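The values are calculated or read from the model by the stated rules, or taken from the named source; none is laboratory data. Bear in mind the structure is a predicted one, so any value in this text is a computation, not a measurement. Please note: Cβ atoms are built from the backbone with ideal geometry, for glycine as well, and neighbour counts cover all protein chains shown. Protein only, heavy atoms only, side chains kept; ligands, DNA and RNA dropped before computing areas. Shrake-Rupley method; radii C 1.70, N 1.55, O 1.52, S 1.80 Å.
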Amino acid sequence: MSRLNSLDFFRTAYTPLTGYPAAFPWQEELFLRFCTGEIPKSLNLPTGCGKTSAMVAWLLALAYQAQAGAGVSLPRRLVWVVNRRVVVDQATREAEGLRERLREEGRTELDAVRSALRALSATDADDVIGISTLRGQFADNAEWRDDPSRAAVVVGTVDMIGSRLLFSGYGRGFKSRPLHAGFIGQDALLIHDEAHLEPAFQELVAAVEAEQERCGEFRRLRVMALTATSRNGHGDEHTLTGRDLEPESEIWKRVRAKKWIALHLVEDEKAIAEEVFQRAVEYRESGEAVLIFLRTIKDVSTVVEKLRKESLKFQRLTGTLRGYERDQLAKADPIFARFMRKMTVEPESGTVYLVCTAAGEVGVDMSADHLVCDLTPFDSLAQRLGRVNRFGDGDARVDVVCCAPASDQATKKKSAQLRFEQACRRTLELLQDLPQRADGRHDGSPAALGELPLAKRQAAFTPPPTILADR
């Protein structure tokens, strides 16, 4: 493979296929690795660096291999898995956007991509790529399995994809379950988005991949974890390149985005919601978009009611919202539009608040001007920070409210809750170790977080669930 020829192929197609002016260097390097059939174990990038474009790198590398005539070693099916419905829908829209651009015959720069992908297919399907979404309330359109030779993107939740991989596909009969397991488990690249959220599933798919490799399976399953907060260091990971971090580059600006953290201690957990509200209303005259994160639905409801009594403009995003309500929020809510880069509705003016649980921590490409939240383990807090001044254009203030830490001997809480609070306490210690400016606020930029000792960061992660040993 000629590096120059393949890069020229990628750069020629990237802009017409994505609509972006140019790819980040890490995206080009991932494409080059894919072109050689090399698939890293993980893709670890700070939030806001475009991890979803791994889909583009796979598609163009598959097309390049097909047109190069040296044989296709890259899997023909991309299986994108994540445990958040809103992220499933977002990944589906990304895939559909690629297909729509490939349909536009006027885009001559994509002719080589179209012809290469069409040559892979055994049928005369109109589209050179099949797209299927597997999650609750969505019927399987069968595009991903009608022609196994065609390039296909399958986007689904952990339960939908995992059940098929284990010969137990939801809604499938005993005759079709082995077919679904075969299509997921062979000639497929499984990308596990936000892998830190589902360590048990990540361990499962990694075990399947390892067993297939041990047995010398033909066109075996390949797995790549996608996360900004990896639980485990992989020897084979893909991350930002030196060119990405050159001064004044777009990613350089994002990883050094100004996010100044102030810590506010309260004596009792019951006082957290009130303190979060008081910190939030300090921005009422700012005219800016303020994001509020709270761990519990009860605290969200408390803060929402207080905002309502003050006649402030707010919206809420929680996991308890029905699917239709979440869809409408993402499509047509003017307050939510203030936090999004691309919306079809006119954004609300003035100061607005978005109050979230963990449902807003991952996958939603939103950015607030300021953030107020309670304390969580480090991996969760890093995701929250990724939703404020996401693109490095502002100067964000972050207010973190937490209880004064108690010793382990002073509590009678259950072991699971105790481990969670220990992780929060370690996170607080890490935040206190971050560089400070004159007013006492700590540097919460991705660059500063990344400079904290890796072992201490991982020790402050959300405690993983108990994973039963293989017998």
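Some observations on this one:
- Looking across region 327-361 at every residue that is touching a Gly at 6+ places or on another chain (Cβ under 9 Å) and in a helix (DSSP H, G or I), the one that is modelled with the lowest pLDDT is identified as ALA359.
- Taken together, SER163, SER168, SER149 contain a single residue that is in contact with a Gly (Cβ under 9 Å, 6 or more places away or on another chain) and open to solvent by less than 30 Å² (accessible area, probe 1.4 Å), which is SER163.
- Residues of region 297-315 that turn out to be exposed (fewer than 15 other Cβ atoms within 10 Å of the Cβ) and either of a type in the set (D, E, K, R) or outside any helix (DSSP H, G or I) (or both), as a count: 6
- With a requirement of 3 or more residues that are modelled with pLDDT of 90 or more, farther than 27 Å from THR462 by Cα and touching a Leu at 6+ places or on another chain (Cβ under 7 Å), the strands (runs of 3 or more DSSP E) lying completely within region 127-203 that satisfy it span 151-156.
- ARG84 within 14 Å of LEU62 (Cα to Cα), touching a helix residue (DSSP H, G or I) at 6+ places or on another chain (Cβ under 8 Å) and among the charged types (D, E, K, R): no
- Scanning region 270-303 for residues that are farther than 23 Å from ASN389 by Cα and hydrophobic (A, V, I, L, M, F, W, C) turns up ALA271, ILE272, ALA273, ILE297.
- Cβ pairs under 7 Å, 6+ apart, first in region 287-314 and under 21 Å from GLU348 (Cα atoms), second of a type in the set (D, E, K, R) and open to solvent by 10 Å² or more (accessible area, probe 1.4 Å): GLU288/ASP369; ALA289/ARG338; ALA289/ASP369; VAL290/ASP369; VAL304/ARG316; LEU312/ARG284; LYS313/GLU348
- Hey, PRO75 modelled with pLDDT of 90 or more and open to solvent by less than 10 Å² (accessible area, probe 1.4 Å) or not: yes
- Residue within region 191-203 that is without any contact (Cβ under 8 Å) to a residue 12 or more places away in the chain and of a type in the set (S, T, N, Q) present: no
- Test: THR229 is out of contact with any Asp or Glu (no Cβ under 6 Å at 6 or more places or on another chain) and polar (S, T, N, Q): no
- The one condition in (1) over 22 Å from GLU361 (Cα atoms); (2) of a type outside the set (D, E, K, R); (3) open to solvent by 30 Å² or more (accessible area, probe 1.4 Å) that ALA142 fails to fulfil: (3)
- Tally of residues being open to solvent by 90 Å² or more (accessible area, probe 1.4 Å) and closer than 30 Å to GLY242 by Cβ across region 423-453: 3
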